[in-house]
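As structure tokens, the structure follows; a few thoughts come after it.
The values are calculated or read from the model by the stated rules, or taken from the named source; none is laboratory data. Remember, it's a predicted structure, so these values are computed and weren't measured experimentally. So basically every Cβ, Gly included, is an ideal-geometry build from the backbone, and we count neighbours across all protein chains shown.
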Amino acid sequence: MLEVKNLNAGIEGKKILKGINLKVNAGEVHAIMGPNGSGKSTLSSVIAGKEEYEASKGDILFDGESIIEMDAEDRAHKGIFLSFQYPVEIPGVSVTNFIKTAINETRKAKGLEDMPASEMLKLIREKSELLEIDRKFLSRSLNEGFSGGEKKRNEIFQMAMLEPKLAILDETDSGLDIDALRIVANGVNKLRTADNAVLVITHYQRLLEYIVPDFVHVMVDGKIVKSGGKELAYELEEKGYDWVKAEMTA
Amino acid sequence: MNLKDKLLSSYLAFQENLNVDNGLHDIRDKAFKHFEEKGFPTKKEEAWKYTSLNSIVKNDFSLFPHKEDTIEFKDVKKYFLHDIDTYKIVFIDGIYSSYLSETTHDGVDICLLSSALTKSKYKPVIDVYYNKIAKEDSLTSLNTAFAKEGAYIYIPKSKAPSKPIQIIHLATGNEASLMLQPRNLIVVEENSEVQIIERHQSLTDNPVFTNSVTEIYAGKRAIVDYYKIQNDKENATLIDNTHIDQQRESETSVHTFSFGGKLTRNNLNFYQNGERINSILKGVTIIEDKQHVDHNTLVHHKQPNCESHQDYKGIFDASSTGVFNGKVVVDRIAQKINAYQSNNNILVSDKASINSKPQLEIFADDVRCSHGCTIGQLDESALFYMRTRGIGKKEARALLMYAFANNVLESVKIPQLKARINKLIANKIGVQIGFDV
């Protein structure tokens, strides 16, 4: 589904990603772990289509098609979803209005009519229940004054509404207490099918106890330096990132 | 002949044809003299530095329309707030249209200024309030000299009309170009309430120049909500001079929605003449082409323990220009004042411009005055966030602009009006979404 080939990217002349290779198939959960500043969030932004980053080398294929020159909204229409580490506050646009717009814009891109209001309402009800979101919350301005947990739950709610093929969860566990973490992870797990995939970007192993990965990749200084199964996450938790770094220099 | 000369030469004939008492003649003569001395404001005056009337006063406007016109309600329905019941005071080319209007004398007076100025039973109110709140400036004086028609609203003690009032001015374009000088007097006595919506609309492309004056008196604990919808055609120039006298514990809000017209100047003046007064001034300006909107506000805090809140937002596209000049004066005795002012603007195009200027004159020492002004573009991180959800660049920009402007609507108290303005904003910006309000 997703294939990252020797991706080199940076911002304002500074190199951040230095030859990333990654292959994610439908039905799989991949975790990318790494210390702060290793380039994890840059990788997710580049896959989602943030224009400030410049890819100097390599390619990103999605369902076999190169998306590296594509606009962010076109990538979204193809089924890529990025859950932000720091979701942006948009005062004046309610959660409901925002998600309605996002769904109908995506449908428009696929040549479909707007979703009928009744169907939309039903879907909103269903997905908000899945994430234990209060109905009142939906009429509030998007992310404005939301707690950390509310912001992340709202991200996964949007993911549930949009049903992407590939969901990239960028530090979704940061700022979450254990209850919120359980709700968010439960939501993600319920949305998993044989046809979609999840890429979890995280610093800690904690989230991976709830969203269990098939593959774990360790990223250090813009490169994936080690890949393995879920047991690699435990090993990292135990030994710390210095262990990988030490292995690298050895 | 330029407009000033034409006005000067028309005045005597106009004055002789009027059937009003001598007191009013004196008021007119004095005002006329003042205008004669001052003339139209020019860019040399600080308050008119960024707004020029030159191109407008060159026009040969008709001052007194002759033809009376009839308009079918269905043809102008869209300019009314028609999904709720309202009182309506409607003028066509400055002349009262009884069949489009709905007035009342049932406990309150919602009717015509021409009757109030000529009938003796209104004299006690006219003597106390007419031309007393308006300050002397050349455009207000010009209006005072020529004014004979407009809305007269008198709400006696402890009364509130059962529904909002709409004041609507329609210009037919029957005259090649027309100057209108409507005059409104609104007196709201203590413990009373009123909600008013005002709109000026020209129906053709013929130029219209409106120099309007509204005097509002808000008595003790009175609540006055005034909404101005300025969404006129490209040929329409509006100078709105509104003067508000507030008495103690009263609350008055003026919302100004400026979405169209060639040139719009709002001179909005609040005078706080008592303690614990709240004054609210809000505005949304969304313009394009070569349109020009100038908000010139004054809040004069003359007594202690009062508040004022100003929140103006502007979105300027193409070669449009905006001005915000917000003056707050706090007298020496006016301690414990909270005065807030904010003016935020988005320039959508490189050719658009805004001149924003706060002016604080504070003579008291125990006051809280804040002012903030921003001029910027749209938030790039918000745009990216929206695009990752599949909302295209253009739509994302529109949605952000909509969100930026929309929160000024929160304080609009008439739900149907709020929905209407919300829709106007969405249309103006090009957001095509079934928005819930």
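Report yes if B:ASP225 is out of contact with any Ser or Thr (no Cβ under 8 Å at 6 or more places or on another chain) and either assigned to a strand (DSSP E or B) or surrounded by 20 or more Cβ atoms within 10 Å (Cβ to Cβ) (or both), otherwise no.
Values: out of contact with any Ser or Thr (no Cβ under 8 Å at 6 or more places or on another chain): no; either assigned to a strand (DSSP E or B) or surrounded by 20 or more Cβ atoms within 10 Å (Cβ to Cβ) (or both): yes.
It is false that B:ASP225 is out of contact with any Ser or Thr (no Cβ under 8 Å at 6 or more places or on another chain) and either assigned to a strand (DSSP E or B) or surrounded by 20 or more Cβ atoms within 10 Å (Cβ to Cβ) (or both).
Testing B:SER411 on (1) within 24 Å of B:GLN230 (Cα to Cα); (2) touching a Phe, Trp or Tyr at 6+ places or on another chain (Cβ under 9 Å), one condition comes back false. Which one is that?
All conditions pass for B:SER411, except number (2).
To keep it simple, each residue is scored yes or no on (1) under 25 Å from the mean Cα position of the chain (by Cα); (2) surrounded by 14 or more Cβ atoms within 10 Å (Cβ to Cβ); (3) charged (D, E, K, R); (4) over 27 Å from B:PHE91 (Cβ atoms).
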position: B:HIS25; (1), (2), (3), (4): no, no, no, no
position: B:ALA31; (1), (2), (3), (4): yes, yes, no, no
position: B:GLU37; (1), (2), (3), (4): no, no, yes, yes
position: B:PRO41; (1), (2), (3), (4): yes, yes, no, no
position: B:GLU46; (1), (2), (3), (4): yes, no, yes, yes
position: B:THR51; (1), (2), (3), (4): yes, yes, no, no
position: B:PRO65; (1), (2), (3), (4): yes, yes, no, no
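Taking the stretch A:124-145, which residues are touching a residue at least 40 places away in the same chain (Cβ under 8 Å) and hydroxyl-bearing (Ser, Thr, Tyr)?
A:SER139, A:SER141
Just for strands (runs of 3 or more DSSP E) wholly inside the stretch A:1-49: which have at least 2 residues that are more than 15 Å from the chain's Cα centre (by Cα)?
Details: elements: A:2-11, A:14-24, A:29-33.
In the stretch A:1-49, the matching strands (runs of 3 or more DSSP E) lie at A:2-11, A:14-24.
Among the residues in the stretch B:187-194, are any over 17 Å from B:HIS243 (Cα atoms) and buried (at least 21 other Cβ atoms within 10 Å of the Cβ)?
The answer is yes; a qualifying residue exists.
Can you list the strands (runs of 3 or more DSSP E) lying wholly within the stretch B:269-322 that have 2 or more residues being of a type outside the set (Asp, Glu) and farther than 21 Å from B:TYR227 by Cβ? I'd like the intermediate steps shown before the answer.
Values: elements: B:278-287, B:292-301, B:307-316.
It comes to B:292-301.
Among the small types (Gly, Ala, Ser), in a strand (DSSP E or B) and under 22 Å from B:SER101 (Cβ atoms), is that true of B:SER212? Please lay out each step first, then the result.
Numbers: among the small types (Gly, Ala, Ser): yes; in a strand (DSSP E or B): yes; under 22 Å from B:SER101 (Cβ atoms): yes.
Against the criterion (among the small types (Gly, Ala, Ser), in a strand (DSSP E or B) and under 22 Å from B:SER101 (Cβ atoms)), B:SER212 qualifies.
Enumerate the pairs (first residue in the stretch B:120-142 and touching a residue at least 60 places away in the same chain (Cβ under 8 Å); second residue anywhere and in a helix (DSSP H, G or I) and aromatic (Phe, Trp, Tyr)) with beta-carbon separation below 6 Å, excluding pairs fewer than 6 apart on the same chain, so at least 6 apart or on different chains.
B:SER138/B:PHE35; B:SER141/B:PHE35; B:LEU142/B:PHE35
Where the second residue is of a type in the set (A, V, I, L, M) and the first is free of Cβ contacts under 8 Å to residues at least 12 places away in the same chain and lies in the stretch B:8-19, which pairs have Cβ atoms under 9 Å and are six or more apart or on separate chains?
The qualifying pairs are B:SER9/B:MET1.
Output the number of residues of the stretch B:363-420 satisfying the condition of being over 25 Å from B:SER342 (Cβ atoms) and over 30 Å from the mean Cα position of the chain (by Cα).
Adding up the residues that qualify gives 10.
Taking B:SER253 as the residue in question, decide whether it is of a type in the set (S, T, N, Q) and within 21 Å of B:HIS371 (Cα to Cα).
On the way: of a type in the set (S, T, N, Q): yes; within 21 Å of B:HIS371 (Cα to Cα): yes.
In short, yes.
If B:SER52 satisfies all but one of (1) in a loop (DSSP other than H, G, I, E, B); (2) touching a residue at least 12 places away in the same chain (Cβ under 8 Å), what's the number of the condition it fails?
That leaves (2) as the condition not met.
For residues in the stretch A:37-58 being among the basic types (Lys, Arg) and more than 14 Å from every other protein chain (Cβ to nearest Cβ), which is farthest from A:ASN8 (Cα to Cα)?
Filtering the stretch A:37-58 down to residues among the basic types (Lys, Arg) leaves A:40, A:50, A:57.
Still in the running and more than 14 Å from every other protein chain (Cβ to nearest Cβ): A:40, A:57.
On the way: A:LYS40: 13, A:LYS57: 5 Å.
This residue is A:LYS40.
Scan the stretch B:394-407 for residues that are within 7 Å of chain A (Cβ to nearest Cβ) and out of contact with any strand residue (DSSP E or B) (no Cβ under 9 Å at 6 or more places or on another chain) and report the count.
Counting residues in the stretch B:394-407 that are within 7 Å of chain A (Cβ to nearest Cβ) and out of contact with any strand residue (DSSP E or B) (no Cβ under 9 Å at 6 or more places or on another chain) gives 1.
For the condition in contact (Cβ under 8 Å) with a residue 12 or more places away in the chain, β-branched (Val, Ile, Thr) and touching a Leu at 6+ places or on another chain (Cβ under 9 Å), what is the one hit in B:ILE421, B:ILE362, B:ILE337, B:ILE333? Even if it seems obvious, please write down each step before you answer.
Working: B:ILE362 fails: touching a Leu at 6+ places or on another chain (Cβ under 9 Å); B:ILE337 fails: touching a Leu at 6+ places or on another chain (Cβ under 9 Å); B:ILE333 fails: touching a Leu at 6+ places or on another chain (Cβ under 9 Å).
B:ILE421 is the lone residue from the list that is in contact (Cβ under 8 Å) with a residue 12 or more places away in the chain, β-branched (Val, Ile, Thr) and touching a Leu at 6+ places or on another chain (Cβ under 9 Å).
Can you find a residue that is within 14 Å of chain A (Cβ to nearest Cβ) and either of a type in the set (Val, Ile, Thr) or out of contact with any strand residue (DSSP E or B) (no Cβ under 9 Å at 6 or more places or on another chain) (or both) anywhere in the stretch B:291-310?
Checking the stretch B:291-310: not a single residue is within 14 Å of chain A (Cβ to nearest Cβ) and either of a type in the set (Val, Ile, Thr) or out of contact with any strand residue (DSSP E or B) (no Cβ under 9 Å at 6 or more places or on another chain) (or both).
Could you tell me whether any residue of the stretch A:86-101 is more than 7 Å from chain B (Cβ to nearest Cβ) and basic (Lys, Arg)?
Checking the stretch A:86-101: not a single residue is more than 7 Å from chain B (Cβ to nearest Cβ) and basic (Lys, Arg).
Just give me the residues in the stretch A:23-38 being under 24 Å from A:SER174 (Cα atoms) and either out of contact with any Lys or Arg (no Cβ under 7 Å at 6 or more places or on another chain) or small (Gly, Ala, Ser) (or both), in sequence order. Give the derivation first.
Taking the stretch A:23-38 as the starting set, the residues that turn out to be under 24 Å from A:SER174 (Cα atoms) are A:24, A:28-38.
Scanning the stretch A:23-38 gives A:VAL24, A:GLU28, A:VAL29, A:HIS30, A:ALA31, A:MET33, A:GLY34, A:PRO35, A:ASN36, A:GLY37, A:SER38.
Considering (1) part of a loop (DSSP other than H, G, I, E, B); (2) touching a helix residue (DSSP H, G or I) at 6+ places or on another chain (Cβ under 6 Å), say which one B:PHE32 fails and leave the rest.
(1)
Kindly establish whether A:GLU52 is in contact (Cβ under 8 Å) with a residue 24 or more places away in the chain, assigned to a loop (DSSP other than H, G, I, E, B) and more than 26 Å from A:VAL212 (Cα to Cα). First the steps, then the outcome.
Working: in contact (Cβ under 8 Å) with a residue 24 or more places away in the chain: yes; assigned to a loop (DSSP other than H, G, I, E, B): yes; more than 26 Å from A:VAL212 (Cα to Cα): yes.
Yes.
Residues being in contact with a helix residue (DSSP H, G or I) (Cβ under 9 Å, 6 or more places away or on another chain), assigned to a loop (DSSP other than H, G, I, E, B) and more than 9 Å from every other protein chain (Cβ to nearest Cβ): count how many of those fall in the stretch A:64-85.
Qualifying residue count for the region: 5.
Picking from A:LEU61, A:LEU22, A:LEU17, which residue would you name as being under 27 Å from A:GLU105 (Cα atoms), among the hydrophobic types (A, V, I, L, M, F, W, C) and more than 14 Å from chain B (Cβ to nearest Cβ)?
After ruling out the rest, the residue left standing is A:LEU61.
Show the residue pairs that are 6+ apart or on different chains and have beta-carbon atoms under 6 Å apart, the first residue being within the stretch B:371-387 and more than 9 Å from chain A (Cβ to nearest Cβ), the second being in a strand (DSSP E or B) and not basic (Lys, Arg).
The qualifying pairs are B:HIS371/B:GLN341; B:HIS371/B:PRO358; B:GLY372/B:SER342; B:CYS373/B:ASN343; B:CYS373/B:SER356; B:THR374/B:ASN344; B:ILE375/B:ASN345; B:ILE375/B:ILE354.
Quick one: in the stretch B:244-264, of everything that is under 15 Å from B:LYS233 (Cα atoms) and in contact with a helix residue (DSSP H, G or I) (Cβ under 9 Å, 6 or more places away or on another chain), which residue is modelled with the lowest pLDDT? Reasoning before the result, please.
Pass one, the stretch B:244-264, residues under 15 Å from B:LYS233 (Cα atoms): B:257-264.
Okay, now just the ones that are also in contact with a helix residue (DSSP H, G or I) (Cβ under 9 Å, 6 or more places away or on another chain), so B:257, B:259-260, B:262-263.
Values: B:PHE257: 97, B:PHE259: 96, B:GLY260: 92, B:LYS262: 95, B:LEU263: 97.
Going through the qualifying residues, I end up with B:GLY260.
On the given criteria, is A:LEU166 surrounded by 19 or more Cβ atoms within 10 Å (Cβ to Cβ) and modelled with pLDDT of 95 or more? Break it down stepwise before answering.
Working: surrounded by 19 or more Cβ atoms within 10 Å (Cβ to Cβ): yes; modelled with pLDDT of 95 or more: yes.
For A:LEU166, the condition - surrounded by 19 or more Cβ atoms within 10 Å (Cβ to Cβ) and modelled with pLDDT of 95 or more - is met.
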